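Just below is one structure, and these are the notes that go with it.
None of the figures in this text is laboratory data; all of them are computed from the coordinates on show. Bear in mind the structure is a predicted one, so any value in this text is a computation, not a measurement.
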Amino acid sequence: MNDPSPTPSGAGQAGPVWPKLWPVAALAAAFGLAWVSGLFDVVSIDSLAGHRDTLAGLVAERPFLTALAYAAAYVGAVSLSIPAGPVLTMAGGFLFGRWLGTALAVPAATAGACVLFLAVRSAFAPAVARRAGPFTEKLRPGLERDGFWYLLSLRLLPVVPYPVGSIAPALVGMPFAAFAGATALGILPGTVVFAGLGAGLGEVFDRGGTPDASALLAPPVLLPLLGLAALSLAAMWFRRRRSNA
């Protein structure tokens, strides 16, 4: 009898890498295009002040389409990791008011984070997190042990960059539902604050002034966020204590 043909190199192993990497590659290419095109400079408070009359006219004439375009732009910016979340949230408050701006920004920011999360998870197996760098390793224990509550704490008080809070959970294998829920709940208080600041931009522009970023660090703004983050950490501690009892 003839010997069976030798098994081709790589047979039985995982399929090609590129089909899994294309979502991340597409996001990276879009990020580079946005950078080269100067989109980062367009998304700013100064740009908002310069185009306030045009934007206000669009909201008055086509409120639904303008809101839809705003939400789509927000999803795109977050999924591409463009550092424009606070400005976009303030723009939502400026254009639509505090509460409608919040209602538009929270789902959009959550959806953008979910796009990034799913793209990373589809491209890289959770085991890759071991080679993802020391920062992810610092977050790994908390995310693996108390994923929802730990991420909720990080979102309530953003001590890590927003994109990192989407990438690290994907690398360590956090369930999607827990990620989406913690993200939506965690960004809600901060979104209300930024949208409220945006709602007052009209008066600031009328005086010829510029928004004062120090307002974000004022006790009436910062202390409630610290309190919410502390409550989340306390709930995480209580849950762990009960599980170890």
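What the phi angles of segment 161-173 give under the Karplus curve with 6.51, -1.76 and 1.60, with θ = phi - 60°, is a coupling list of x, 4, x, 5, x, 9, 7, 4, x, 5, 5, 8, x Hz, glycine and proline written as x. Per residue, the average separation of C-alpha pairs within less than 8 Å and at least 6 apart gives segment 137-178 a relative contact order of 51 percent. Between L68 and D206, full extension at 0.36 nm per residue minus the direct alpha carbon distance yields a gain of 47.0 nm.
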